[in-house]
Number of protein chains: 2
Amino acid sequence: MSLVSRSTADGAWVVGLDVGGSGSRLAARRPGAPSSSVAAPDVTLTGRPVAIGPAGSDAVDVVRDLLARFRAHVPSLDADGVAAAAVGATGLASLVRDPAELHAVLRAALPPTAENGVGAVTGPMTTPTSSSTPRDPVLDVRPGSGPPTAVAADAVTAHLGALGGRPGAVVAVGTGAIALGTDLRDVWHRVDGWGHLLGDLGSGSWIGAQGLRAAVAAHDGRDNGGSTALLAAATERFGPVPAWPGRLYTRADRAQVLASFTPDVAAAAHDGDTVARQVLAGAGTHLATTLAAALVDGVPPLAAATGGVLAIGPLLTGAFRARLAVLRPDVELVDAAGTPLDGALHLAARLATEPGAVVGHAPWLTLGTPHAPPTDPTDPSDPTDRAPDPAPADPHPTEED
Amino acid sequence: MSLVSRSTADGAWVVGLDVGGSGSRLAARRPGAPSSSVAAPDVTLTGRPVAIGPAGSDAVDVVRDLLARFRAHVPSLDADGVAAAAVGATGLASLVRDPAELHAVLRAALPPTAENGVGAVTGPMTTPTSSSTPRDPVLDVRPGSGPPTAVAADAVTAHLGALGGRPGAVVAVGTGAIALGTDLRDVWHRVDGWGHLLGDLGSGSWIGAQGLRAAVAAHDGRDNGGSTALLAAATERFGPVPAWPGRLYTRADRAQVLASFTPDVAAAAHDGDTVARQVLAGAGTHLATTLAAALVDGVPPLAAATGGVLAIGPLLTGAFRARLAVLRPDVELVDAAGTPLDGALHLAARLATEPGAVVGHAPWLTLGTPHAPPTDPTDPSDPTDRAPDPAPADPHPTEED
């Protein structure tokens with residue numbers, strides 16, 4: 001595998017997908033084509049969110065649908081070829097039955113370039129399984145065909161998008177909150193992302209839950225922490241307090257229900273409600289603590305935060321910056337350069353041009369190329385690094401309305 | 001309805017049931033029989049916990065099974081008669097489809113005394129519905145027959161058991177936490193009991209969740225709140241941290257899973273772990289705040305706490321007492337006189353001897369007598385008082401091992 005950069009074939013596509021709990025996106029561009037002199041993707045498609053059923057996530061189906069639409073959208077795709085494709089998916093290691101299925105779907109749906117499609121490859125990852133057999137009969141399924149592929153946890157694509165592919169630490173804040181500190185080679189340290197019952201501190205679900213607790217405290221006449229403003233807002237959204245448990249505990253998407261109250265907390269804080277302001281400041285402080293904990297030895301002191309919750313603004317981000325400056329004054333905090341979709345596209349482009357520079361590390365990032373079997377875990381001794389991402393930590397906005 | 005006390009017929013039974021998420025119990029005694037000169041119940045049976053399914057709680061089936069076993073246990077029951085029966089049930093207003101079903105099951109399964117069985121009654125509560133038709137063919141189902149009945153939320157029977165039927169406020173602490181302040185006539189003020197996502201502050205599920213968060217904080221290397229002792233204990237109980245989300249978010253009984261860690265938090269605290277001690281002290285403080293908020297105008301300054309979580313001891317109860325003394329120095333805090341089962345038995349005995357003294361207040365307490373239709377809500381103007389108890393606030397021990 002070459003460590004030397006190469007340019008992609010003229011006109012070949014790189015394809016990135018972001019598959020999450022609040023929606024899915026595909027972006028594709030042709031870096032070598034004259035018309036792609038601007039950075040904007042040539043194609044952007046949006047799809048449905050993944051659904052979680054008894055068998056886990058249906059991310060494979062979401063990806064297959066997006067790819068079929070992409071093929072329909074680009075009639076010249078077979079002629080153009082695909083230089084590489086990458087997916088960032090929520091709940092990768094626990095809710096997606098097998099990342100190899102995602103590799104197989106990508107490879108089955110996307111044509112290789114003349115260059116990367118030369119070799120037919122053996123190995124389980126490149127042999128379509130029954131569940132990954134495309135339903136679209138126009139697809140030409142050839143084991144071993146297809147471009148190089150990368151399948152990453154959404155925490156990884158959020159990282160790549162926010163830091164533009166540089167090593168460092170990124171905290172992604174949506175319905176959940178997860179930080180990943182990595183040198184993109186050997187060190188992959190995850191912090192939080194444990195879901196709304198065990199963590200996700202400072203996330204949309206956390207902010208919403210804190211706001212609802214302040215509302216019931218006011219309802220109950222408790223001595224501490226009540227907010228009549230939040231009670232009024234929550235009553236408007238969810239009805240009278242006694243109805244709330246029935247509208248929450250019966251739902252499978254409880255974290256999303258909690259997070260749906262976050263815009264009300266933000267609005268109350270902007271209107272001056274003290275409790276709401278404390279919740280937002282607490283969220284910022286938690287997120288800084290999470291990010292600081294991801295900056296372990298071996299991770300450069302470069303960091304960013306990404307995700308829609310940050311749009312709440314200075315009431316949250318001010319506390320975030322202040323706390324991070326106390327915990328890690330040496331760290332350079334930069335604005336997020338891009339989204340998780342940008343990160344997926346970056347990953348695909350990197351795979352196309354510098355395949356040897358992309359290092360897989362299961363379950364965070366696995367690679368499938370026509371010239372090599374899929375990567376295995378590189379450091380099985382550290383269970384943290386092999387941590388699944390079982391609580392869908394959606395780094396996207398939680399503001400649902 | 002007479003306000004004058006009367007004694008129960010010699011040899012007639014009073015029957016109390018406590019139907020909860022961790023198990024169910026029936027106790028029966030004959031206050032007028034010579035052999036019942038001691039306070040101990042003559043019969044005590046234990047049954048299974050209620051199960052929560054798509055249609056709600058199966059409390060009706062649990063009660064029917066316990067009553068059938070009671071009938072089998074007391075061959076003389078039809079001759080003896082039942083002076084009154086009372087049930088305290090978890091999740092009464094939201095998870096039990098219809099409290100009237102519980103009344104109907106009680107009345108169908110239990111024979112009246114010669115005195116209270118005279119009148120046949122009409123009305124929906126005394127007409128068995130299809131779902132309340134006993135499956136045991138030995139039961140003699142006669143609409144309108146049966147003893148006076150009371151169906152109460154478990155918060156009410158916990159209150160009656162803890163204060164021996166006196167007005168005041170009681171906080172019941174198990175997997176959940178709920179306080180009820182009442183004069184047992186007009187004022188019924190509920191505080192908390194909103195379930196593990198919205199409240200239940202200081203409960204077993206709260207303590208367990210705080211302990212698990214301290215464990216993941218240590219695992220992640222967070223700057224604040226981590227406890228390696230709790231991490232070690234939680235790893236022993238639940239396996240490595242990355243497996244926890246999969247062992248928690250897939251479960252329907254998440255509150256019980258969280259609460260199952262409470263004994264480990266207590267053990268770590270007793271071994272001197274600072275974080276664990278802070279969690280227990282925080283629980284005590286929360287419970288005092290909850291109890292104080294239940295002591296609204298019209299409720300005498302008499303209070304108690306009840307439930308297995310209190311067995312953790314002074315690390316929790318010391319903080320509880322200290323905080324209550326600050327919030328309400330005028331309140332007399334007494335030890336709980338009895339359990340929710342004692343409360344159900346007390347309610348049945350009261351209904352037998354002083355029926356006019358028992359005032360129903362839906363959904364907390366509804367009455368069914370052979371001589372009157374079931375009570376309706378007495379104060380529909382206050383939505384708090386009509387609050388359902390949708391989050392099963394089980395006032396029983398959470399120590400599951």
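The values are calculated or read from the model by the stated rules, or taken from the named source; none is laboratory data. All figures in this text were calculated on a predicted structure; none of them were measured in a lab. Virtual Cβ from ideal backbone geometry, glycine too; neighbours counted across all protein chains shown.
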Is there any pair with a first residue in the stretch A:39-57 that is in the same structural domain as A:ALA68 (by TED's automatic domain parsing) and a second that is at pLDDT below 60 and outside any loop (DSSP other than H, G, I, E, B) whose Cβ atoms are under 7 Å apart and which are 6 or more apart or on different chains, and what are they? A:ASP42/A:SER36; A:ILE52/A:LEU95; A:GLY56/A:LEU95; A:SER57/A:LEU95
Give the residues of the stretch A:166-213 that are among the polar types (S, T, N, Q) and assigned to a strand (DSSP E or B), sorted by residue number. A:THR182
Looking at (1) free of Cβ contacts under 8 Å to residues at least 12 places away in the same chain; (2) not in a helix (DSSP H, G or I), which is the one condition that is false for A:ALA325? (2)
A:GLU101 being part of a loop (DSSP other than H, G, I, E, B), of a type in the set (Asp, Glu) and modelled with pLDDT under 90: no
Here is a check on your reading of the model: is B:ALA336 away from chain A (no Cβ under 14 Å), at pLDDT 95 or above and outside any helix (DSSP H, G or I)? yes
Residue pairs within 6 Å by beta carbon, gap of at least six or interchain, first lying in the stretch B:161-189 and free of Cβ contacts under 8 Å to residues at least 40 places away in the same chain, second crowded, with 24+ Cβ neighbours inside 10 Å, listed first then second, are none
Return yes when A:GLY174 is surrounded by fewer than 24 Cβ atoms within 10 Å (Cβ to Cβ) and either under 11 Å from the mean Cα position of the chain (by Cα) or at positive phi (or both) and no when it is not. no
Matching entry among A:THR182, A:THR157, A:THR149 (being within 23 Å of A:PRO99 (Cβ to Cβ) and touching a Phe, Trp or Tyr at 6+ places or on another chain (Cβ under 9 Å)): A:THR182
Mind listing just one residue for me: the one in the stretch B:202-213 that is touching a residue at least 40 places away in the same chain (Cβ under 8 Å) and facing chain A (nearest Cβ under 8 Å) and, of those, farthest from A:ARG247 (Cα to Cα)? B:LEU212
Exception for A:PRO390 within (1) buried (at least 21 other Cβ atoms within 10 Å of the Cβ); (2) away from chain B (no Cβ under 14 Å); (3) at pLDDT below 95 falls at (2)
Having 2 or more residues that are closer than 17 Å to A:ALA177 by Cα and within 7 Å of chain A (Cβ to nearest Cβ) is the bar; report the helices (runs of 4 or more DSSP H) wholly within the stretch B:214-270 that clear it. B:244-248
Does B:PRO329 satisfy being farther than 30 Å from B:ALA215 by Cα, modelled with pLDDT of 95 or more, out of contact with any Lys or Arg (no Cβ under 7 Å at 6 or more places or on another chain) and away from chain A (no Cβ under 14 Å)? no
Considering each residue of the stretch B:285-298, count those that are more than 20 Å from the chain's Cα centre (by Cα) and more than 8 Å from chain A (Cβ to nearest Cβ), and give that number. 3
Restricting attention to the stretch A:180-189, the residues that are crowded, with 24+ Cβ neighbours inside 10 Å and either within 13 Å of another protein chain (Cβ to nearest Cβ) or of a type in the set (A, V, I, L, M, F, W, C) (or both) number exactly 3
Any idea which residue in the stretch A:145-155 is farthest from the other protein chains (Cβ to nearest Cβ), counting only those that are at negative phi and either out of contact with any helix residue (DSSP H, G or I) (no Cβ under 7 Å at 6 or more places or on another chain) or assigned to a loop (DSSP other than H, G, I, E, B) (or both)? A:SER145
Starting from the stretch A:222-234, keep only residues that are more than 13 Å from B:LEU198 (Cα to Cα), then list their pairs with residues that are polar (S, T, N, Q) whose Cβ atoms are within a distance under 8 Å, requiring at least 6 positions of separation or different chains. A:ARG222/B:THR289; A:ARG222/B:THR290; A:ASP223/B:THR289; A:ASN224/B:THR289; A:SER227/A:THR274
Given (1) within 23 Å of A:ARG213 (Cβ to Cβ); (2) within 14 Å of another protein chain (Cβ to nearest Cβ), number of the condition B:VAL275 does not satisfy: (2)
Which of (1) closer than 26 Å to B:THR262 by Cα; (2) of a type in the set (A, V, I, L, M); (3) outside any helix (DSSP H, G or I) does B:LEU310 not meet, given it meets every other one? (3)
Can you pull out the residues in the stretch B:298-311 that are surrounded by fewer than 23 Cβ atoms within 10 Å (Cβ to Cβ) and either without any contact (Cβ under 8 Å) to a residue 12 or more places away in the chain or in contact with a Gly (Cβ under 9 Å, 6 or more places away or on another chain) (or both)? B:GLY298, B:VAL299, B:PRO300, B:PRO301, B:LEU302, B:GLY308
Among the residues of the stretch B:285-294, are any in contact with a Gly (Cβ under 9 Å, 6 or more places away or on another chain), modelled with pLDDT of 95 or more and on the phi > 0 side of the Ramachandran plot? no
Output the residues belonging to the stretch B:278-296 that are in contact (Cβ under 8 Å) with a residue 12 or more places away in the chain and surrounded by fewer than 19 Cβ atoms within 10 Å (Cβ to Cβ). B:ALA281, B:GLY282, B:VAL296
